[in-house]
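I have placed the structure first, in the form of structure tokens, so that the comments after it can refer back to it.
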Amino acid sequence: MAKATILKELWDFLKTRKRFWLAPIIIILVLLSLLIVFAQSSAVAPFIYTLF
């Protein structure tokens, strides 16, 4: 439930302050962080490292 609250507050901030250009940056940062977390403990780590 806390994650939903944080996302709602972030969306309200972006909407109120007219900072919609921050949304793609935040999404990319979240996706890259998830990629790093999953790459550390999975069998696909060698394949992900070849992308960079």
Fill in: Enumeration of residues in the stretch 7-21 that are modelled with pLDDT of 85 or more and surrounded by 10 or more Cβ atoms within 10 Å (Cβ to Cβ)
Lys8, Glu9, Asp12, Phe13, Lys15
Item to complete: Would you mind stating whether Ile48 is assigned to a helix (DSSP H, G or I), of a type in the set (A, V, I, L, M) and modelled with pLDDT of 85 or more?
Response: no
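The values are calculated or read from the model by the stated rules, or taken from the named source; none is laboratory data. In this text the structure is predicted, and so the values were computed from the model without any measurement. So basically every Cβ, Gly included, is an ideal-geometry build from the backbone, and we count neighbours across all protein chains shown.
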